[in-house]
Amino acid sequence: QDWTKLSPTLKRCYQFLVMTSRSFASVIQALDGELRDAICIFYLVLRALDTLEDDMTIPVEEKTALMKELHENLYNPEWKYRRSQEVDKIVLEEFPVISAEFRNLDKSYRDVIQEITKRMADGMCKYLDCADVNSFEDWNEYCHYVAGLVGIGLSRIFSASKLEDEIVGEDEPLSNSMGLFLQKTNIIRDYLADIQEGRKFWPKEAWSKFAKRLEDFQDASNRDEAVRCLNFLITNALHHVPDAIKYLSRLRNQSVFNFCAIPQVMAIGTLAVCYNNPDVFTTVVKLRKGQAVYMMKRAVSLNAAKIIFHDFAAEIAKIAPKNDPTKDKTLQICETILMLT
Ligand SMILES: COc1cccc([C@H]2O[C@H](CC(=O)N[C@@H](CC(=O)O)C(=O)O)C(=O)N(CC(C)(C)C)c3ccc(Cl)cc32)c1OC
């Protein structure tokens with residue numbers, strides 16, 4: 001990334017990227033050619049939408065209008081929002097800087113970013129009034145709106161840049177799975193942080209088999225049932241791994257592969273650390289920093305990524321408890337992953 005050649009507004013956008021995405025910013029900045037700026041701006045527009053959705057100080061009616069209009073305000077040079085209390089509020093306060101660089105992008109990228117922003121906002125608003133996630137179908141739909149659409153949009157940008165084949169952008173189910181795997185992993189890992197903020201993303205179809213209320217998993221007396229529900233959800237999330245492996249096998253550009261593979265291997269590593277782990281209900285379980293850095297360095301080829309998927313699937317299969325009600329399905333999906341990797 002040659003910072004000296006950037007316009008002041010584009011330089012400012014990369015500063016926002018570094019502020020809002022910590023470790024991930026470096027992977028975006030390493031993207032080749034037109035992809036770097038297009039995905040930097042896409043990331044920031046998504047961050048702006050996410051910041052609105054997360055801000056509980058904005059009344060629901062006002063928030064719904066702001067989110068649904070964001071895709072139009074990409075073409076409104078003055079539009080900004082200054083009343084957010086969120087940590088990443090700068091992307092809303094300085095939105096004119098982001099929209100200015102959005103309008104400098106090639107039309108093919110602008111059309112994808114605008115369409116995904118519109119569809120995501122509409123979907124998020126459907127779940128805004130705490131319409132709880134009941135069935136696994138609801139869970140897949142919610143994750144499609146907040147994450148699957150990101151995968152679909154990114155895949156179309158990869159193909160539009162010609163750095164990846166048309167098929168990458170056309171195959172929506174695979175792109176959707178890339179998002180569902182990451183988002184389900186985040187939701188599983190973030191049980192305690194979310195419940196403490198009154199946010200419930202674990203599907204009722206799952207937790208109702210193990211407790212009367214989702215909050216009950218916080219009590220040490222319910223720890224065994226909580227871990228069984230955890231293992232049930234992790235097993236469901238692992239079913240997206242075969243699609244992720246197929247998606248990664250289609251990529252030809254090294255910088256795109258690194259950008260896509262690193263979050264996926266971090267996610268299966270997170271699921272492996274969470275599996276059968278009661279700490280999920282008392283802290284936010286994270287990969288050890290050294291392990292995360294190690295994986296970011298290693299996941300640079302399909303074979304290297306496959307080995308990481310293989311090792312974590314083998315680890316989960318090894319510790320699957322004999323008396324866990326989901327054990328057979330867990331071993332089955334692990335076996336499938338082991339055969340693919
Ligand atoms: C083909 O699809 C993808 C390919 C590569 C990366 C991502 C995906 O990876 C990061 C990775 C990331 O942002 N990691 C964080 C760590 C963390 O949030 O736990 C980081 O390293 O800061 C992520 O998590 N999300 C957020 C969603 C999952 C909601 C989409 C995300 C948000 C905006 C963009 Cl443009 C991309 C992604 C993809 O999206 C599916």
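For segment 289-318, a residue qualifies if it is open to solvent by 70 Å² or more (accessible area, probe 1.4 Å) and at pLDDT 95 or above, and the qualifying residues are Asn303, Ile307, Asp311, Glu315, Lys318. Give segment 233-266 a look and list any residue that's open to solvent by 40 Å² or more (accessible area, probe 1.4 Å) and either of a type in the set (Lys, Arg) or closer than 19 Å to Asp279 by Cβ (or both), or say none. Of everything in segment 233-266, those that are open to solvent by 40 Å² or more (accessible area, probe 1.4 Å) and either of a type in the set (Lys, Arg) or closer than 19 Å to Asp279 by Cβ (or both) turn out to be Lys246, Arg250, Arg252, Met266.
Quick check on Leu149: is it aliphatic (A, V, I, L, M), closer than 24 Å to Val241 by Cα, under 22 Å from the mean Cα position of the chain (by Cα) and open to solvent by 30 Å² or more (accessible area, probe 1.4 Å)? Taking the combined requirement at face value, the residue does not satisfy it. Contact map, segment 254-273: residues that are farther than 23 Å from Leu31 by Cβ paired with residues that are within 9 Å of the ligand (Cβ to nearest atom) and part of a helix (DSSP H, G or I), Cβ distance under 7 Å, separation 6+ or inter-chain. Pairs shown: Thr270/Thr185; Thr270/Arg189; Leu271/Thr185.
If you go through segment 221-250 and pick out every residue that is more than 19 Å from Ala267 (Cα to Cα) and within 16 Å of the ligand (Cβ to nearest atom), you end up with 1. Looking at Leu46, Leu35, Leu31, just one residue is in contact (Cβ under 8 Å) with a residue 60 or more places away in the chain, within 16 Å of the ligand (Cβ to nearest atom) and not in a helix (DSSP H, G or I), and that residue is Leu31.
Do the conditions hold for Val60, that is, is it within 16 Å of the ligand (Cβ to nearest atom) and open to solvent by 30 Å² or more (accessible area, probe 1.4 Å)? Here the answer is no, as Val60 does not meet what is asked. Looking at Ala160, is it in contact with a Ser or Thr (Cβ under 7 Å, 6 or more places away or on another chain), among the hydrophobic types (A, V, I, L, M, F, W, C) and surrounded by fewer than 23 Cβ atoms within 10 Å (Cβ to Cβ)? Taking the combined requirement at face value, the residue satisfies it. Within segment 163-186, being over 17 Å from Asn140 (Cα atoms) and open to solvent by 20 Å² or more (accessible area, probe 1.4 Å) holds for Leu163, Asp165, Glu166, Ile167, Glu170, Asp171. Consider segment 277-288 and keep the residues that are assigned to a loop (DSSP other than H, G, I, E, B) and closer than 14 Å to Tyr191 by Cβ. The one that is least open to solvent (accessible area, probe 1.4 Å) is Val285. Here the helices (runs of 4 or more DSSP H) wholly within segment 145-198 that include at least 2 residues being polar (S, T, N, Q) and within 11 Å of the ligand (Cβ to nearest atom) are 172-189.
Residues being within 11 Å of the ligand (Cβ to nearest atom) and either part of a helix (DSSP H, G or I) or of a type in the set (Ser, Thr, Tyr) (or both) are represented in segment 1-17 by at least one member.
The values are calculated or read from the model by the stated rules, or taken from the named source; none is laboratory data. The shown structure was predicted, so the numbers you read here are calculated from the model rather than taken from an experiment. A quick note on method: Cβ atoms are made from the backbone with ideal geometry, for glycine too, and the neighbour counts reach across all protein chains shown. In case anyone asks, the SASA skips ligands and DNA or RNA and just uses the protein heavy atoms, side chains included. Shrake-Rupley method; radii C 1.70, N 1.55, O 1.52, S 1.80 Å.
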